[in-house]
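Since every read-out is calculated from the coordinates, none of them should be taken as a lab result. Just so it is clear, the structure is predicted and the values come from calculations on it, not from any experiment. All Cβ positions, glycine included, derive from the backbone under ideal geometry; neighbour counts span all protein chains shown.
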Amino acid sequence: MKMYEIQDVTFELKKYEFSEPFRITGWIHNEAENVDVKVVLKSGKIGMGEASPSYRVNGEKVSALMALQKDVKEMLIGSDVRNYRRIFEIMDGFSRTAPSVKAAVQYAILDSLSMATEMPVYQMLGGSKSEIKIDKTVGIDELNKMVEKAKRFYHEEGYETLKIKVGENLKEDVRKILAISDATKGASYVVDANQGYSVKEAIQFANATYENGVNIVVFEQPVIWNNLDGLKILRYNSPIPIAADESAKTKYDVYELIRNGCVDFINIKLMKSGISDALSIVELAKTTDTGLMIGCMSESSLGISQSVHFAAGIGAFAYHDLDSHMLLKERGFRGKFKQEGELIKL
Ligand SMILES: [Mg+2]
């Protein structure tokens, strides 16, 4: 049946401003340049995906991604989306050079099949959950501003898990986390240093916060991505769970991290791994009793929708750090989900 065949694949560059500058270790984000990927089937059904490239993590620039449009179209045209694993394999060739395009195309393929079969993507992927809870992120700022934001997110907006960015100054960071913890008693914290600490600093941070009773559930990427030995030393000297984010891009990276005992948690992002490697990473983690969280780059509601459907379908994530759409100015909401504060429903 030709109606499931791919007739066209198009890329469209989209720019979004952040509502306010978003600061993490060593970087301030003011705008995001993303790519909408549209897959059109012979039947006229359309599937959408979004690439949110990260130069910082993946070395991707949007101009390079846009240049791939012609090749991707030529490679996929005529493929039957019911055999989506075959298409995933074609896109796996972009794992190292354009992982966000791989993710967007793989998702757009699933979305087109979903539109053709009237089965939501989260159910095509297993339908484990029909709702998930997300966290909300407090970027690096002055202490009082971080505390005010944390209080608003926890007490007024009802987010039980807060993501806190640290990594630029150990002593200040400890002061900030203690102040936030005092002001938001009962909350859980995912703390992300974005590679900002040395191994020794990370151990000091973990001990200082733990001894003061701060409820840090995950300590994300404290040290530089390629320091696997450092991550392992940290893991066995830290009272709180250690997660890899920037260290964990492909399934091969995660295999090395787990095989070497470097981490308690993996932060999966579709923009690093695509759907195909994310599926492999989930199975690796489940097989080895490694914790899982899911995160995002600077996706709009379209890209967050991808991760929401993936996370709900798979149902394996302890924490859903899927809030980038709330940091961006976006004209219209394009997610295939409903959101009430921290609760996301499909
Ligand atoms: Mg991170």
For the stretch 251-262, in order, what is each residue's ³J(HN,Hα) by Karplus, 6.51 cos²θ - 1.76 cosθ + 1.60 with θ = phi - 60°, in whole Hz (x at glycine and Pro)? 5, 5, 4, 5, 4, 5, 4, 6, 4, 8, x, 7
Contour minus end-to-end for residue 168 and residue 143, with contour as 0.36 nm per residue of separation and end-to-end as the Cα-Cα distance? 7.7 nm
Whose amide H sits under 5 Å from the amide H of residue 328, counting only residues 5 or more places off or on another chain, with H placed in the peptide plane? 19
Modelling each spin label as a point 7 Å along the Cα-to-Cβ direction, I'd like the residue 2/residue 55 distance in nm, to one decimal. 4.5
So, how do all the Cα-to-Cα distances of the chain break down into 10 Å bins, in percent, from 0 on up? 6, 26, 35, 23, 8, 2, 0
Give me the dipole magnitude in Debye, nearest 20, for the chain about the Cα centre, with unit charges on the beta carbon: positive for Lys and Arg, negative for Asp and Glu. 520
Within a Gaussian network of the chain (alpha carbon springs, distance under 10 Å), most fluctuating of 182, 323, 245: 182
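Mind putting a number on the dipole of the stretch 2-118 about its Cα centre? Charges go on the C-beta only, +1 for Lys and Arg and -1 for Asp and Glu, and I need it in Debye to the nearest 20.
On the way: 16 positive and 17 negative charges, 50 e Å.
My answer is approximately 240 debye.
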Once the dipole of the chain is set up from charges on Cβ (+1 Lys and Arg, -1 Asp and Glu), the residue from the list 236, 219, 119 lying farthest towards its positive end is 119
Under a 5 Å amide H to amide H cut-off, with H placed in plane at 1.01 Å, what residues pair with residue 50 once short-range neighbours are removed? 37
Name the trypsin sites (Lys or Arg not before Pro) in the stretch 108-215 that are in a loop by DSSP and that have at most 11 other C-beta atoms within 10 Å, would you? 185
Using Cα pairs closer than 8 Å and at least 6 residues apart in sequence, work out the relative contact order for the chain, in percent. 19
Eligible aspartates and glutamates near residue 45 by straight Cα distance, threshold 12 Å, same-chain separation 8 or greater: 5, 8, 111, 118
Could you check what % of the DSSP bridge pairs in the chain are antiparallel, to the nearest 5? 55
Calculate, in nm to one decimal, what residue 82 and residue 63 gain on full extension: separation in residues at 0.36 nm each, minus their alpha carbon distance. 3.8 nm
Using only helices, what value at 222 nm comes out for the chain when you add -39,500 (n - 2.57) per DSSP H run of length 4 or more and divide by the total residues, to the nearest 500 deg cm²/dmol? -11500 deg cm²/dmol
